[in-house]
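The values are calculated or read from the model by the stated rules, or taken from the named source; none is laboratory data. Keep in mind that this is a model prediction, so the values were computed, not measured. Cβ placement follows ideal geometry from the backbone for every residue including glycine, while neighbour counts extend to all protein chains displayed. Heavy atoms of the whole protein, side chains included, go into the accessibility calculation; ligands, DNA and RNA do not. Shrake-Rupley method; radii C 1.70, N 1.55, O 1.52, S 1.80 Å.
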Amino acid sequence: MSTPAFAGRSASVSARSAKRTLAARFPRRGAPAVGLAGSVLVSLGAFGAGATVPHDPVLSGTVFSAVRFGHGRLLATAVVYLGIFLLVSAWVRLGHSARAGQADARKIVRTTWMWCAPLLCAPPLFSTDLYTYLAQGVVAQSGFDPYTRVAANFPGPITDNAAGGWLRIPSPYGPLHILIVKSVLSVTGDNVILGALLTRLAMTAGLALMCVAVPILCRRLGARPECALWMAAANPLTVLCVVSGGHNDLLMIGLLSAGAALVITTVPGLGFVLVALAAAVKVPAAAALPFLWWEWARRRSGGQFSVRGYGFTLIAAMSIVVVTMGLCSVFAGVSLGWIRALSGNSELEPWLSASTSAGKIVGLLAGDPAEAVAVSRIVGCVVLVVVVAWLWWRSRAGGGRAVRGAAVALFTTVVLAPVALPWYFT
């Protein structure tokens, strides 16, 4: 029978041996370069297979415009998918390097930016949301409320490039989002390419915030920053869908991560400001606010329940959220109509939403898909409220439990909400 000390040394030796074996099978040196090659290929292919504009002053009228039609577009699509294959394989190798201790957090962050840089200079992939953002900004820039007026009423170079269906739907995004696109249009005017580029750069600020905040959260909660950054930042879903697509989810994630890090470390009040700003970009971030309040209240009361301490933090948190939202609305020149407009995308029925997909399946069997989807979505919302409330109560100890509860609540919101798109899972 082995002694405990000998058993511990044996386990340690086995762990080091496993790491060396893993490192030998998946060397890290090639991962950044292979991923960069994949990103470059994706960027080049995006000029033909991405969300290009109908009247492009870059390629229109040149021989390169052939990549957008017929065989040229097929070739561009093949180049995109070859690049995706290289990027995904590089990401897997990078993950093995992180687990083996060969890639630290800084290495993951540098690699992530290396992979993102080419995509920031190419047309967006898998979505035309960037152009829709600008079209909604046209409404606000013209002095009208984008929560009551639709972009279809403002034809022009900007709105002509947005997806047709979204032109007839009021903006479902918060006042900070409107303020950003409105500010971009005040600089770029009718230049849709420059407007899309600046809007995407503004959203990419969320990636920078996430790269700073995630290691802080990991160190406070006892996790490995390099593995968390590999999963959250370097993930191809983040790089290819969110960064390339220019989705405002990225800014929401960055503000939410930074706010959570401040709440559990030094300045909870400022943390609530950042989380409120995240909700002012896109409302799902608000689901984290009640969970983070537990941590603020616990710290304020010295770890013991205190009516005075908990009451003070509740009033302070609510005041911060109301004032932040109000200031964003004032500076953006909009009303609070975005709350009513949140159901604008309910016309979509994606299979990624559990409630919607369940309704579609039942509807196919019962012969009334529309009614089944409507009922299933209501049931999903009720279940969502119950689950989030249960998670919130279980998180009352604060600390890591509150952060984990918020994460699970956000994931549950994505799954059970009436509409869920691929990049929502980031």
Condition check: within 19 Å of residue 254 (Cα to Cα) and modelled with pLDDT of 90 or more. Does residue 407 satisfy that? yes
Give just the number: which of (1) at pLDDT 90 or above; (2) under 17 Å from the mean Cα position of the chain (by Cα); (3) among the small types (Gly, Ala, Ser) does residue 246 not satisfy? (1)
Determine which single condition residue 396 fails, assuming it passes every other condition in (1) open to solvent by less than 80 Å² (accessible area, probe 1.4 Å); (2) not in a helix (DSSP H, G or I). (1)
Being farther than 16 Å from residue 34 by Cβ and either among the hydroxyl-bearing types (Ser, Thr, Tyr) or in contact with a helix residue (DSSP H, G or I) (Cβ under 7 Å, 6 or more places away or on another chain) (or both) is the filter here, so list the residues in the range 81-109 that pass it. 99, 100, 101, 104, 105, 109
Say whether the condition of being open to solvent by 50 Å² or more (accessible area, probe 1.4 Å), within 27 Å of residue 167 (Cβ to Cβ), at pLDDT below 80 and in a helix (DSSP H, G or I) is met by at least one residue in the range 364-382. yes
Looking at the structure I just gave you, is residue 162 open to solvent by 20 Å² or more (accessible area, probe 1.4 Å) and either among the small types (Gly, Ala, Ser) or in contact (Cβ under 8 Å) with a residue 12 or more places away in the chain (or both)? no
Extreme residue, nearest to residue 205 (Cα to Cα), among residues of the range 142-159 that are in contact (Cβ under 8 Å) with a residue 12 or more places away in the chain and aromatic (Phe, Trp, Tyr): 147
Run residue 112 past the list (1) in contact (Cβ under 8 Å) with a residue 40 or more places away in the chain; (2) touching a helix residue (DSSP H, G or I) at 6+ places or on another chain (Cβ under 6 Å); (3) in a helix (DSSP H, G or I) and report the number of the one that doesn't hold. (2)
Within the range 185-207, residues hydroxyl-bearing (Ser, Thr, Tyr), surrounded by fewer than 24 Cβ atoms within 10 Å (Cβ to Cβ) and at pLDDT 90 or above come out as 204
Consider only pairs whose beta carbons are under 9 Å apart and that are at least six residues apart or on different chains; among these, list those whose first residue lies in the range 293-309 and is closer than 9 Å to residue 398 by Cα and basic (Lys, Arg) and whose second residue is modelled with pLDDT under 75 and part of a loop (DSSP other than H, G, I, E, B). 298/304; 298/305
Six or more apart or on different chains, Cβ atoms under 7 Å: show the pairs whose first residue is in the range 119-141 and in contact (Cβ under 8 Å) with a residue 12 or more places away in the chain and whose second is among the β-branched types (Val, Ile, Thr) and not in a helix (DSSP H, G or I). 123/52; 134/158; 135/158; 138/158; 140/334
